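S.K.: Before I ask anything, let me first share the structure, which is written out below as structure tokens.
The values are calculated or read from the model by the stated rules, or taken from the named source; none is laboratory data. Values in this document were obtained by computation on a predicted structure and should not be read as measured data. Methodologically, a virtual Cβ is constructed for each residue, glycine included, from the backbone with ideal geometry; neighbour enumeration extends over all protein chains shown. For accessibility, only protein heavy atoms count, side chains too; no ligands or nucleic acids. Shrake-Rupley method; radii C 1.70, N 1.55, O 1.52, S 1.80 Å.
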Amino acid sequence: MARTNQFAGASLASKADGKPAPRKTPAWRVAWAVLLVLGAAGVRPSSGLLAAPEQPAGSQQVAHEPTLRAAADADIPFSSPYDSSAEAMLLDLANQERSKVGAPPLKFDTGLTQAARAHAEAMLAAGQLSHQLASERSLPQRLAAATRTQLDQEAENVAFDFDAADGHRHLMLSAPHRANLLNAAYNVVGIGVVHSGDQLYIVQDFGHALPAYSIAEFKDQVAAAISLARRRAKQSALARQDLPDADDAACSMAKANQLRTFPVHQLAQRYTVLSYTTLRPEMLPSNAGQAFSMQDLRAFSIGVCYARTETYPTGAYWVLLALE
């Protein structure tokens, strides 16, 4: 059968709290493609993603370590059944296309590459293309289990073709796959390629990696956002304090996977309390403006806990602000 009739592929894209809604793409010659699109939205406690068992909720109070770097031989064994040369070619071809449209180059992420390879092997064993085989977890869960990089968006392309060059060409001919490849928001990728006879199963796992912060750095960023909010409200600066139980209250939220906990309630008896989850320390919750415009405020304390939870399999910062 001619090579042009052997491509099959599927794409998947999501933000931190998306939910899948399947939609078929048009068939083309004998080839076929399936598109699954996840809803785009910000990180919210109601995203409802299932647990990533790699790390229990609230088990740490230090920031994660990112793997935003090139995969190396010491990190990933470039041995059978993986085709490392095809993986490298697909990355190079993708970055060539991205440069034409002004998108930044993708960097190999060690963990995402491990996830992509594992999924390619799973598809080979099942003999089919899918973003979630019967034995697998969802894309956010798979990526969370494989990488320490903090992601707020992820996407996936899968394909079956004769070689890397043909696979790339056919992916670029398909609108949803092309959109993932050229999306300027993505800055990291993992690519897995395994052989099935003289053909290849190809997986591309894309992500938008966020900066990594220590807890102290994260608090400093939140404090800067509070100072800015006070200036915008034309109010005097607030003194920054460190309540000894603020971090414990924040971690109680992460452990319970909810914002309302007994330690938070106890603090609310003495202070005005704002609690929320976020990936971006410079962004205060939408209801914070009114609180920080109050004239009689004198000081604030910040509690922060980073955790991967049932709601946030790829991780989030749980923040408590105590105002007095």
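S.K.: Looking only at the stretch 134-149, count every residue that is touching a Gly at 6+ places or on another chain (Cβ under 8 Å) and crowded, with 23+ Cβ neighbours inside 10 Å and tell me the total.
M.R.: Initially, the stretch 134-149 is screened for residues touching a Gly at 6+ places or on another chain (Cβ under 8 Å), giving 143-144, 146-149.
Checking which are crowded, with 23+ Cβ neighbours inside 10 Å leaves us with 143-144, 146-147, 149.
Total satisfying the criteria: 5.
S.K.: Continuing with the same structure: Only helices (runs of 4 or more DSSP H) wholly contained in the stretch 130-191 count here; list those with 3 or more residues that are under 20 Å from the mean Cα position of the chain (by Cα). Give the steps one after another, and end with the answer.
M.R.: Details: elements: 139-146, 164-173, 175-182.
Hits in the stretch 130-191: 139-146, 175-182.
S.K.: Could we say that R230 is of a type in the set (D, E, K, R), open to solvent by less than 30 Å² (accessible area, probe 1.4 Å) and within 30 Å of L323 (Cα to Cα) here?
M.R.: Values: of a type in the set (D, E, K, R): yes; open to solvent by less than 30 Å² (accessible area, probe 1.4 Å): yes; within 30 Å of L323 (Cα to Cα): yes.
In short, yes.
S.K.: Would you please list the contacts, defined by Cβ atoms under 6 Å and residues six or more apart or on different chains, that run from a residue in the stretch 304-324 that is more than 16 Å from A246 (Cβ to Cβ) to a residue that is outside any strand (DSSP E or B) and of a type in the set (D, E, K, R)?
M.R.: G315/R308
S.K.: Among the candidates S252, S275, S286, S293, which residue alone is in contact with a strand residue (DSSP E or B) (Cβ under 6 Å, 6 or more places away or on another chain) and at negative phi? It would help to see each step written out before you state the result.
M.R.: Values: S252 fails: in contact with a strand residue (DSSP E or B) (Cβ under 6 Å, 6 or more places away or on another chain); S286 fails: in contact with a strand residue (DSSP E or B) (Cβ under 6 Å, 6 or more places away or on another chain); S293 fails: in contact with a strand residue (DSSP E or B) (Cβ under 6 Å, 6 or more places away or on another chain).
None of the others qualify; the one that does is S275.
S.K.: Identify the residue in the stretch 123-133 that is buried (at least 16 other Cβ atoms within 10 Å of the Cβ) and closer than 15 Å to Q199 by Cβ and, among all such residues, is modelled with the lowest pLDDT.
M.R.: Per the stated criteria, the residue is L129.
S.K.: Please find, within the stretch 54-113, the residue that is least open to solvent (accessible area, probe 1.4 Å) out of those that are touching a Ser or Thr at 6+ places or on another chain (Cβ under 8 Å), at pLDDT 50 or above and in a loop (DSSP other than H, G, I, E, B).
M.R.: Here the residue is D109.
S.K.: Could you tell me whether any residue of the stretch 209-218 is open to solvent by less than 30 Å² (accessible area, probe 1.4 Å) and over 22 Å from P105 (Cβ atoms)?
M.R.: From the stretch 209-218, those open to solvent by less than 30 Å² (accessible area, probe 1.4 Å) are 209-210, 215, 218; that's our starting set.
Then keep just the ones that are over 22 Å from P105 (Cβ atoms); that gives 215, 218.
Yes - at least one qualifying residue is present in the stretch 209-218.
S.K.: For residues that are over 12 Å from M253 (Cα atoms) and at pLDDT 90 or above, tally how many sit in the stretch 297-315.
M.R.: Here the count works out to 6.
S.K.: Which of the residues belonging to the stretch 184-208 are under 15 Å from Q150 (Cβ atoms), open to solvent by 10 Å² or more (accessible area, probe 1.4 Å) and in contact (Cβ under 8 Å) with a residue 40 or more places away in the chain?
M.R.: Answer for the stretch 184-208, where residues must be under 15 Å from Q150 (Cβ atoms), open to solvent by 10 Å² or more (accessible area, probe 1.4 Å) and in contact (Cβ under 8 Å) with a residue 40 or more places away in the chain: N187, H208.
S.K.: Further question on the same structure: (1) within 30 Å of G167 (Cα to Cα); (2) at pLDDT 95 or above: which one isn't true of L210, the others all being true?
M.R.: Going through (1) within 30 Å of G167 (Cα to Cα); (2) at pLDDT 95 or above one by one, L210 breaks only (2).
S.K.: Taking G167 and the conditions (1) in contact with a Phe, Trp or Tyr (Cβ under 9 Å, 6 or more places away or on another chain); (2) among the small types (G, A, S); (3) under 27 Å from Y312 (Cα atoms), which numbered condition does it fall short on, given that it satisfies the others?
M.R.: It is condition (3) that G167 fails.
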